[in-house]
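The values are calculated or read from the model by the stated rules, or taken from the named source; none is laboratory data. Keep in mind the model is a prediction, meaning the values are calculated, not measured. All Cβ positions, glycine included, derive from the backbone under ideal geometry; neighbour counts span all protein chains shown. The accessibility values were calculated without ligands, DNA or RNA, using every heavy atom of the protein model including side chains. Shrake-Rupley method; radii C 1.70, N 1.55, O 1.52, S 1.80 Å.
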Amino acid sequence: MTGTGTMTLFRRGQGAALFPPLTGLAPLALVLVVWQLLGDPDSANFPPPSSWFEAAEAVQRRGLLVPSLERTLLVFAAALAIAAVLGAAAGTVLGASPLARRVFGPLTEFLRTFPPPAAVPVAVLLLGTTTTMSLIVIVATAMWPIVLNAQEAVRTIPRVRIDAGRALGLSRGHRLVSVIAPGVLPAVMVGVRVATPICLIVVLLAEMLAGTGGVGHLILERQRLYDSAGVFACLAIVGVLGLLTSAVMGVLERVLLRNRPPVPHGRKTS
Amino acid sequence: MRLRAGLPGLLTPLLILAAWEGLIRGGVLDFDYLPAPSSIGSAAAGLAAGGELAERLLHTTGVTLLAWVLALAVALAAGTLLGLSHTAWRWSMASVEVLRTLPAVALVPVALLVLGPTTAAEIVVAVYAASWPLLISVVAGLQDTPQRLIDVARQMRLPRSRVVVSLMLPAAAPLILSGARLALGISLIVVVLAEMVGNPAGLGAAISETQMALQPEDMWVYVLSVAVLGTVLNAVLLAVSRRALPAVLAREAS
């Protein structure tokens, strides 16, 4: 479902996307200012931004905000790390072995398009509302861009390089480390960047649907209590989370891949 | 993406199903809420015969597609503006980039708050969520139009509107189509979630209801229906784009 069309979209030219000029923030700022000036503080639907801060403080006074945020970030980071490792491994196997592709291809296609909200209740029934359950669901739904990118990268490693490794008498393990891994790493990094927003979405989903705490749980709970300022406060926090995680991944990718040629344009994986 | 499923590819799911059935019958696997495939099958037959499954499926499919079409319209209009006018791009693209990173699922509670547990809430939040990938792909596609095409158009003195409709948008089509597939998946996710936590209609609501009523057979039927729906929608759109743009897919299919 969440193919990696975005990957090519943001690889115009060299390196990762450049942020457009900051003047473009004007409409967003304008909306918030007008909202603040004209909004009715008692509005049940659209409380102005200043009331979001008060709502956030009120939630924090009851000791809910910071622990929720911590939990969400922790689960997110753990899930993304596991997805990166598992996804790279699975992608390498699928890319290197035509047999594995033939045997597991249709199955991975099915799993890849499995809508995450439907996966959560299944996991809850089987494993209960535990952190392990959340991690399994999140990894299982967010790892696909990484798998596909790694698979594609392994398939396109020039035959010559693998043969050169053979000719030099490198062992299988050694070839994996010094021939395959460097060829796959850039694609894995791109996959991780694409998987980042998906991972955050599924973390929030799991929290909403399984009630395992975290910001996702908090926002739904605020909605059920008709605390609209609280809902908008959580939404703003989630927005900042989304912005920060994607910025961090963009920077990380640039730092890790600074000495490598860019991934060839048009490597589609969807 | 390979749709050519060979024999081994089809065999694997069958083997897994057989093992699943066998392990449960044999009492090796004993989860409380893991029914055997055969009991899921008979539950599906029951729900299909009662017409409930079709009704739910129709609701979710209809809302997903409606939201996707609306998002397509919004994104084509706004994207054409941002892709063609450098002023518009400079003065609003950063807002798009910021709003795009907001995880769409967090908007479901907001929509429920403002619009209540209604189908309108489902549609609004799904349109919002599905518009971003489309918008981004329309903008990127238009800005990447090969200079050659524009030169040719100039040579032929085509009017500007004609250039956009007959040259630039078709040139951007591959990118827009991949954005469209992304958007369709997102639309389905958001719709199902909105049904699970809000609007009591469609497959999403059916999943929550059967989960709470501890009817695992029925729940599995609805869960698998959502999964099949996702796969089918994706496959149909892919087939349509293959038909429409054979040249692009020759490159993609490698």
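Only one entry of A:L241, A:L200 meets the criterion of being part of a helix (DSSP H, G or I) and under 18 Å from B:V125 (Cα atoms), and that entry is A:L200.
Of the residues A:I237, A:I180, which single one is out of contact with any Asp or Glu (no Cβ under 6 Å at 6 or more places or on another chain), at pLDDT below 90 and open to solvent by 10 Å² or more (accessible area, probe 1.4 Å)?
A:I180
Could you list, in sequence order, the residues of the stretch B:72-102 that are of a type in the set (D, E, K, R) and touching a helix residue (DSSP H, G or I) at 6+ places or on another chain (Cβ under 6 Å)? If the condition is that a residue be of a type in the set (D, E, K, R) and touching a helix residue (DSSP H, G or I) at 6+ places or on another chain (Cβ under 6 Å), then B:R90, B:R100 are the ones that fit. When A:V85 is tested against (1) in contact (Cβ under 8 Å) with a residue 40 or more places away in the chain; (2) open to solvent by 40 Å² or more (accessible area, probe 1.4 Å), just one condition goes unmet, and that condition is (1). I'm checking my understanding of the structure. Among residues of the stretch A:177-230 that are free of Cβ contacts under 8 Å to residues at least 40 places away in the same chain and closer than 20 Å to B:L102 by Cβ, which one is farthest from the other protein chains (Cβ to nearest Cβ)? If we take residues in the stretch A:177-230 being free of Cβ contacts under 8 Å to residues at least 40 places away in the same chain and closer than 20 Å to B:L102 by Cβ, then A:E221 is farthest from the other protein chains (Cβ to nearest Cβ). Does B:L99 qualify as being under 20 Å from the mean Cα position of the chain (by Cα), farther than 26 Å from A:A118 by Cβ and surrounded by 16 or more Cβ atoms within 10 Å (Cβ to Cβ)? For B:L99, the condition - under 20 Å from the mean Cα position of the chain (by Cα), farther than 26 Å from A:A118 by Cβ and surrounded by 16 or more Cβ atoms within 10 Å (Cβ to Cβ) - is met. Listed by first and then second residue, the pairs with beta-carbon distance under 7 Å, at least 6 apart or on different chains, first residue in the stretch B:84-101 and more than 7 Å from every other protein chain (Cβ to nearest Cβ) and of a type in the set (D, E, K, R), second part of a helix (DSSP H, G or I) and open to solvent by less than 50 Å² (accessible area, probe 1.4 Å), are B:R100/B:W132; B:R100/B:I136.
To keep it simple, each residue is scored yes or no on (1) crowded, with 17+ Cβ neighbours inside 10 Å; (2) more than 9 Å from chain A (Cβ to nearest Cβ).
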residue: B:L167; (1), (2): yes, yes
residue: B:L188; (1), (2): yes, no
residue: B:L193; (1), (2): yes, no
residue: B:A206; (1), (2): yes, yes
residue: B:T210; (1), (2): yes, no
residue: B:L214; (1), (2): no, no
residue: B:V221; (1), (2): yes, yes
residue: B:S225; (1), (2): yes, no
residue: B:L233; (1), (2): yes, no
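Listed conditions (1) within 14 Å of another protein chain (Cβ to nearest Cβ); (2) part of a helix (DSSP H, G or I); (3) surrounded by 15 or more Cβ atoms within 10 Å (Cβ to Cβ) are all met by A:L126, apart from (3). Every condition in (1) at the interface with chain B (Cβ under 9 Å from one of its Cβ atoms); (2) over 20 Å from the mean Cα position of the chain (by Cα); (3) open to solvent by less than 40 Å² (accessible area, probe 1.4 Å) holds for A:G95 except the one numbered (1). Between A:R159, A:R172, A:R193, A:R166, the distinction of being open to solvent by 20 Å² or more (accessible area, probe 1.4 Å), closer than 15 Å to A:L80 by Cα and charged (D, E, K, R) belongs to A:R193 only.
Which members of the stretch A:231-244 meet the condition of being in contact (Cβ under 8 Å) with a residue 60 or more places away in the chain and more than 8 Å from chain B (Cβ to nearest Cβ)? The answer is A:A233, A:A236, A:I237. Only one of (1) open to solvent by 30 Å² or more (accessible area, probe 1.4 Å); (2) within 25 Å of A:I198 (Cβ to Cβ); (3) modelled with pLDDT of 85 or more is not met by B:M93, so which one is it? Looking at each condition in turn, B:M93 falls short on (1). Does B:G51 count as free of Cβ contacts under 8 Å to residues at least 12 places away in the same chain and open to solvent by less than 50 Å² (accessible area, probe 1.4 Å)? When the stated conditions are applied, B:G51 passes them. Of note, A:E54 does not satisfy the criterion of being within 25 Å of the chain's Cα centre (by Cα) and more than 12 Å from chain B (Cβ to nearest Cβ). Residues in the stretch B:117-146 that are in contact (Cβ under 8 Å) with a residue 12 or more places away in the chain, small (G, A, S) and more than 10 Å from chain A (Cβ to nearest Cβ): B:A121, B:A126, B:A130, B:S131. Pairs linking a residue in the stretch B:222-246 that is free of Cβ contacts under 8 Å to residues at least 40 places away in the same chain and closer than 16 Å to B:L193 by Cβ to a residue that is of a type in the set (A, V, I, L, M, F, W, C) and surrounded by fewer than 17 Cβ atoms within 10 Å (Cβ to Cβ), with Cβ atoms under 8 Å and 6 or more positions apart or on different chains, are B:A227/A:F110.
Among all positions in the stretch A:73-82, there is at least one residue which is farther than 19 Å from A:G213 by Cβ and either open to solvent by 50 Å² or more (accessible area, probe 1.4 Å) or within 13 Å of another protein chain (Cβ to nearest Cβ) (or both). Scan the stretch B:141-164 for residues that are closer than 16 Å to B:S85 by Cβ and part of a helix (DSSP H, G or I) and the total you get is 8. Residue check: B:P117 meets all listed conditions (1) open to solvent by less than 50 Å² (accessible area, probe 1.4 Å); (2) touching a Gly at 6+ places or on another chain (Cβ under 9 Å); (3) more than 30 Å from B:R160 (Cβ to Cβ) but one, namely (1).
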